[in-house]
Amino acid sequence: MKAIVVMNPKGGSGKSTIATHLAGYFARHGSGAMLGDIDRQQSSRDWLAIRPDDAPHISSWEVGPDHMARPPKGVSHVVLDTPAGLSGKQLEKVVKVAARIVVPIQASPFDMWAVEAFLQEVMALKAVTKGKADIALVGMRVDARTRSAETLRQFMSQQEAQVLTFLRPTQLYVQAAAAGLTLFDLPPARVQKDLLEWQPLLDWVEQDR
C-alpha cells in the first residue's frame with residue numbers, strides 16, 4: 001500500500017485540493033483509493049460525503065470496534081490530508097507512514113517563510129534522512145507568467161525538496177469541489193490545460209520506490 005501525505009504548516013495552502021485530486025486520480029484509473037483526513041475540520045470527509053454515486057469510488061477510514069481508524073481492504077493508494085500546524089511527535093508519526101510527501105506552496109512571503117522552517121523540520125526526520133519518504137513541492141494558485149510566480153519559483157529552487165509543477169488559479173477547482181468531483185472527473189477537453197500542469201505530480205507519485 002502506497003501512502004501519499006499532503007502537508008503544509010499553514011491553513012488555506014491548497015492541501016485539500018491536492019489530496020482530493022490525487023485520490024480522484026487514483027480512483028479514476030482503477031486503483032483502490034482511500035482519502036484520509038486527519039484535519040479537525042474534516043474538509044476532505046465532507047467532500048467525500050457529497051461525491052456523486054456514479055463517480056469512481058473513493059474510500060474513507062474504517063473505524064473498528066477498537067475505535068482505531070484503518071484503511072479498508074482492497075485499498076492500494078492512501079492519500080492523507082493533514083492539518084495546519086502539524087509538528088513534533090504527530091508530524092513524525094505521519095511522515096513515518098509516507099512514501100511520498102507533497103507540500104503545496106502559495107506565492108506569499110508568509111507562506112514561503114512558514115514552509116522554509118517546516119521543511120527544515122521534516123528533512124531532519126529519520127524517515128526522510130533514511131530515504132523512506134520523498135518530498136516534493138507544488139506551486140499553488142499561481143499564474144506562471146507573473147512576477148510572483150518567478151519569486152515563488154526562485155524560493156522553491158533553493159529548497160532541498162524537488163520542485164514538480166505550478167497549478168494555475170481557476171474556478172474549475174471550486175466548481176468541481178462543490179460537486180464532490182475533481183478535474184479528473186470532468187470532460188478532458190474542458191480541463192486539458194490543467195491536466196498538463198498536473199502530469200509532473202502524477203508521474204512522481206506513480207514512481208516505484
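Taking the chain as a Gaussian network, Cα atoms linked when under 10 Å apart, which of Val191, Val78, Val102 shows the biggest mean-square fluctuation?
Fluctuation is largest for Val191.
Under a straight-distance cross-link criterion of Cα-Cα below 27 Å, which lysines are reachable from Lys10, leaving out those fewer than 8 residues away in the same chain?
Cross-link targets: Lys2, Lys89, Lys93, Lys96, Lys126, Lys130, Lys132.
Can you figure out the FRET efficiency of Ala178 with Asp208, using R₀ = 45 Å and their beta-carbon distance, to the nearest 0.05?
Here the calculated transfer efficiency is 0.80.
Output the peptides 1-10, 177-186 sorted from most to least packed, where packing is the average of other Cβ atoms within 10 Å over each peptide's residues.
In descending order of packing, they fall as 1-10, 177-186.
Most exposed first by the Cβ proxy, i.e. fewest other Cβ within 10 Å, how do Phe155, Phe110 rank?
Phe110, Phe155
Determine the percent antiparallel among the DSSP beta bridges restricted to the chain, to the nearest 5.
Roughly 5 percent of the beta bridges in the chain run antiparallel, per DSSP.
Taking Cα centroids, how far is region 1-58 from region 100-167 in Å?
Each part's Cα centre sits 20 Å from the other's.
Hey, in the GNM for the chain with a 10 angstrom Cα cutoff, which one of Leu172, Leu152, Leu137 fluctuates hardest?
Leu172
Shape verdict for region 2-204, please, from the Cα gyration tensor: rounded (a/c under 1.5), prolate (a/b greater than b/c) or oblate.
oblate
Using a Förster distance of 25 angstrom, determine the FRET efficiency expected from the C-beta separation of Asp54 and Val97, and round it to 0.05.
The computed FRET efficiency comes out at 0.20.
Among DSSP beta bridges lying fully in region 18-130, give the percent that are antiparallel, nearest 5.
Among the beta bridges of region 18-130, antiparallel pairing accounts for roughly 25 percent.
Farthest toward the dipole's positive end in the chain, which of Ser76, Ala3, Gln120, given Cβ charges of +1 (Lys, Arg) and -1 (Asp, Glu) about the Cα centre?
Ranked along the dipole, the leading option is Gln120.
Can you give me the long-range amide H partners of Gln106? Hydrogens built in the peptide plane at 1.01 Å from N, cutoff under 5 Å, separation of 5 or more residues or another chain.
It is Met140, by chain and number.
So, with +1 on the Cβ of K and R and -1 on the Cβ of D and E, and no other charges, what is the size of the charge dipole of the chain about its Cα centre, to the nearest 20 debye?
Dipole magnitude for the chain comes out near 260 debye.
For a quick check of your reading of the filter: which trypsin sites (Lys or Arg not before Pro) in region 122-171 sit in a DSSP loop and have no more than 16 other Cβ atoms within 10 Å?
Answer in residue order: Lys130, Lys132, Arg145.
Can you list residues from other chains, or at least 5 along the same chain, whose modelled amide H is less than 5 Å from the amide H of Gly36?
Val79, Leu80, Asp81
No value in this document is a laboratory result; all are computed from the given coordinates. Note that this is a predicted model, so its numbers are computed, not measured. We place every Cβ from the backbone using ideal geometry, glycine too, and count neighbours over all the protein chains shown.
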